[in-house]
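Okay, structure first, notes after.
The values are calculated or read from the model by the stated rules, or taken from the named source; none is laboratory data. Here the structure is a predicted model, which is why all the values come from computation and not from measurement. Cβ placement follows ideal geometry from the backbone for every residue including glycine, while neighbour counts extend to all protein chains displayed. Calculation scope for accessible area: heavy atoms of the full protein, side chains included, ligands and nucleic acids excluded. Shrake-Rupley method; radii C 1.70, N 1.55, O 1.52, S 1.80 Å.
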Amino acid sequence: MAVVLAGLALLTACSGSGDDKPDVPPAATGSLEQLAAKAHCKPNIQTDAQELRQANCTTDEGRYVLATFATDRGQREWINEANDYGGSYLVGRKWVAVGDAHVVAALRGRLGGTVETASPHHSGGSGSGGSEAGHSGHHGS
């Protein structure tokens, strides 16, 4: 039995050796304020509704938007809509952080979660296609 456990421990330790982000914690949970504290951010609340709470955050790594959701479905719908704008998303259970790739990578070290990257569906070359630079959030004001 001890040999089996030792072998399992060795396999578990070796399985992460190819991962370049070995210090990713389990995905954080909590309120917007609790998540912001874990991310070392003082949240500037922009939307405070029952189904969605959203804040702008600024840390040493840069600016990002942190949002929490009342339901998993609401979160997925928000992400699906936000994907039209492109960008990097750090996704946890009922929360998401949106920012530049290097900001999201730094946040992942504090909040855990899964990184999702989306390409913008519009090139900005026709009509009223917007600029990503001025995009600070997806819902509310």
Query - Subset of segment 97-115 [open to solvent by less than 50 Å² (accessible area, probe 1.4 Å) and assigned to a strand (DSSP E or B)] - result: A97, V98, G99
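Residues are listed down the side, and each one gets a yes or a no for (1) farther than 18 Å from L32 by Cβ; (2) of a type in the set (D, E, K, R); (3) modelled with pLDDT of 95 or more:
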residue: D60; (1), (2), (3): yes, yes, no
residue: E81; (1), (2), (3): yes, yes, no
residue: G92; (1), (2), (3): no, no, yes
residue: R110; (1), (2), (3): no, yes, no
residue: G113; (1), (2), (3): no, no, yes
residue: A118; (1), (2), (3): yes, no, no
Query raised in the report: Looking only at residues in segment 34-62 that are in contact (Cβ under 8 Å) with a residue 60 or more places away in the chain and assigned to a loop (DSSP other than H, G, I, E, B), which one is least open to solvent (accessible area, probe 1.4 Å)?
Result: A39
Requested in this report: Would you point out the residue of segment 20-33, among those that are free of Cβ contacts under 8 Å to residues at least 12 places away in the same chain and out of contact with any strand residue (DSSP E or B) (no Cβ under 9 Å at 6 or more places or on another chain), that is surrounded by the fewest Cβ atoms within 10 Å (Cβ to Cβ)?
Outcome: D20
Query raised in the report: Considering only segment 63-96, how many residues are open to solvent by 10 Å² or more (accessible area, probe 1.4 Å), in a strand (DSSP E or B) and in contact with a Lys or Arg (Cβ under 6 Å, 6 or more places away or on another chain)?
Result: 2
